1. Given a 1.4 angstrom probe, what's the average accessible area per residue across segment 430-539, in square angstrom?
2. How big is the gap, in Å, between the Cα center of segment 424-446 and the Cα center of segment 581-630?
3. Using a 1.4 Å probe on the protein heavy atoms only, what accessible surface does Lys79 show? Give it in Å² to the nearest 10.
4. Identify, among Leu374, Tyr356, Ala386, the residue whose Cα sits farthest towards the positive end of the charge dipole of segment 317-434, taking +1 on the Cβ of Lys and Arg and -1 on the Cβ of Asp and Glu, with the dipole about the Cα centre.
5. Could you report segment 82-171's accessible area per residue, 1.4 Å probe, as an integer in Å²?
6. Which value at 222 nm does the chain reach when only helices count, each DSSP H run of 4 or more adding -39,500 (n - 2.57), with the total divided by all residues and rounded to the nearest 500 deg cm²/dmol?
7. In the structure displayed, which of Lys52/Lys113; Lys29/Lys52; Lys38/Lys116; Lys236/Lys625; Lys57/Lys79; Lys38/Lys213 lie more than 25 Å apart, Cα to Cα?
8. I need the peptides 524-532, 608-616 ranked by packing, meaning the mean over residues of other C-beta atoms within 10 angstrom, with the highest value on top.
Amino acid sequence: MASKVAYSHRDPMLTKRDDLDDILEERRKSSDLRYAVKCYTPVLYKGLVPCKADALKSATVHSAHVQYVIHQVSKETGKPAEDVQAEASAILEEMAHRLQLSTIRFFAYSLNKVFKRLYRSICVNEEGIQRLQQAIQEHPVVLLPSHRSYMDFLLMSYIMYTYDLALPVIAAGMDFMGMKFIGEMLRMSGAFFIRRSFGGDQLYWAVFSEYVKTIVKNGFAPVEFFLEGTRSRTAKSLTPKLGLLNIVMEPFLKGEVFDVCLIPVSISYERILEEALYARELLGVPKPKESTSGLFKARKILREDYGSIHVYFGQPVSVRSLAYGRVDRCQFNLTPRHIPARPSEETQRFVNHAAYSLVRTQEQNAVLKPWVLLASLLLQNQAATAGATGQEAVMALEQLTGKAVWLCDLSRQYGAFLHWPDHLPPLEVVSSSLSLHGGLVRVSEGKVHLALEQGGATSPEEDLLNRAVLVLSCASYRNQALHVFLRPALLASAIHAASSREKQVVFNTFHFLRNVFSNEFILCPRATVQDFEEACYLLEKTGVLQVAQQEVIVMERGQKTLHFLTGMLEPFLQGYQVICRFLCEEATEALTQKSFIPAVRKFIITHLLAGRLRYLEALSSDLHKNALAALLRLGAVRKVNSPQQDSLSVNKVMVNSLEDTLGGKLPTQKAATARL
């Protein structure tokens, strides 16, 4: 029996979460081979017999939808229908999975060995597994894991096999198909391969969408895909992609199935395999191409300790319940089901709302480890005392432990799902966590500091980028806690920047900041007032504020919390400000979307070397992309289509005003869209 891992929750108002069980404990006591060849008899949807891969492909290509599109393409291009049908079959051959139990058993054997070497424990909530087992028998199921590592989809299949659950078919990028041997192994373990973008290829879209819908409609297997579309390099949740979610919901919306069950899954790594790789990607180093040789070169990671993984299967979400009162399904009766049609605005709003809600659930069920809190404190200490210089900001181990205990209590009051072993002395918890992350932090003679002394640099710029790799690696752990502190941090920053403590003025500033950062963080559309009220409630509950009818009053004992919260948001505020400064000072008519990030990076490096910026996180390409998306959405920057490429036209007056407002120099105008 797997061992129980208890998680305490001090506030009875917080959501009750399941306990988690270490599934590796039992694996360590038994043979890998016995585990791989165990009796595997998963219960399927309504007792179905598993569908053969060829039968699934045949059902897809001969469906009314695909046949309709084949004839449309034939008419539009003048190609014979037989040739277009052959193209459709070729697309399916390239795309489709070929799930084989023998391959699954091979992966089970291999992964069992690898996981026991890499991880101390893999903890899963068994109550969530039981809910999933029930859901699989009653409805078509869609698994929606968070995506932080290449390990995610292997881990999901490993857990499903361990608990004798039907193995999912998994949407994977075409990059993996290029890996010799491994690509085919993934295909035989349930992966189906899709292009990163389809352009206007209506035949590809028709075949792909029908393939997925055929699996959903018939309940042949759970479908698994990542709502964020790609791995997050920053450990922040990414804005959800809606294409696949639209596809899996469509059979319900068109009345082809009674319901579809969505299962949000939160995967939390104590230490991420791709830690330094992600940081370098954010600094412009190209992502290594997926290859089998690259996989074998990575074997050295087997000598490392990556701590624990926590996998939390959330409550099943019924699409039928989600859609009640939000979508009028009668609209789908107006055209035959097989004729493709763009989703209505109402349907798009519904799917978008569902996507954001599901990602929020992933965030709320993510398990935070002590290092997440320690990284947050160490980064703030570094920025406050040494800025972006190479100097070490030293903190006494006892002082860090005291601050970590305080932050542990605060995060729990804010609803964090925190794994802090309360049965151990705090100093032992902190020391153990620092030891696990010894590549990022140094402990010597009771003093702690970030491991910024990289050495080997041949120029100040190279030294700066080496330090940035370490800071961005640490920031990826701090970012795991952002969803806990985000709304209170927006309010704390609004109080700091607002021209007065009048409640409406503070709300207007909160509204402005939330709007600016809605590409950076998961902030549900049309929920500004709700987020403001949540932030007020949390800050009042922890004695930081007193919110009167017309005024927001800061309590003296709340200064420490306010300082920490503004510090969480400050790297993003400064990053957006310096991007606005770049656009005002450096932007020319030759600036394009492609040249934007390299030009911004060069500008920021110059300012960092001159000591004018405190945060190395300003170098993150993720922040640059999100800031540009925000400026385009706000109308401060426009895309101008030219024959060669997309140029960017900058409204320098508006950008300058945004920079001033982000710096708290000007009061924000009254929010027109919402009032308290």
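The values are calculated or read from the model by the stated rules, or taken from the named source; none is laboratory data. A quick note: this is a predicted structure, and the numbers were derived from the prediction, not measured. Note: ideal-geometry Cβ built from the backbone for every residue, glycine included; neighbour counts use all protein chains shown. Accessible surface is based on the protein model in full, side chains and every heavy atom, while ligands, DNA and RNA are left aside. Shrake-Rupley method; radii C 1.70, N 1.55, O 1.52, S 1.80 Å.
1. Values: 3730 Å² over 110 residues.
Result: 34 Å² of accessible area for each residue.
2. 35 Å
3. Using a 1.4 Å probe on the heavy atoms, I get roughly 90 Å².
4. Tyr356
5. Details: 3000 Å² over 90 residues.
Computed with neighbouring chains in place, this is 33 Å² per residue.
6. On the way: 26 runs with 342 residues, N = 676.
Computed ellipticity for the chain at 222 nm equals -16000 deg cm²/dmol.
7. Details: Lys52/Lys113 30 Å; Lys29/Lys52 35 Å; Lys38/Lys116 18 Å; Lys236/Lys625 14 Å; Lys57/Lys79 23 Å; Lys38/Lys213 32 Å.
Pairs exceeding the cut-off: Lys52/Lys113; Lys29/Lys52; Lys38/Lys213.
8. Details: 524-532: 15.3, 608-616: 18.0.
Most protected by this proxy first, the peptides run 608-616, 524-532.
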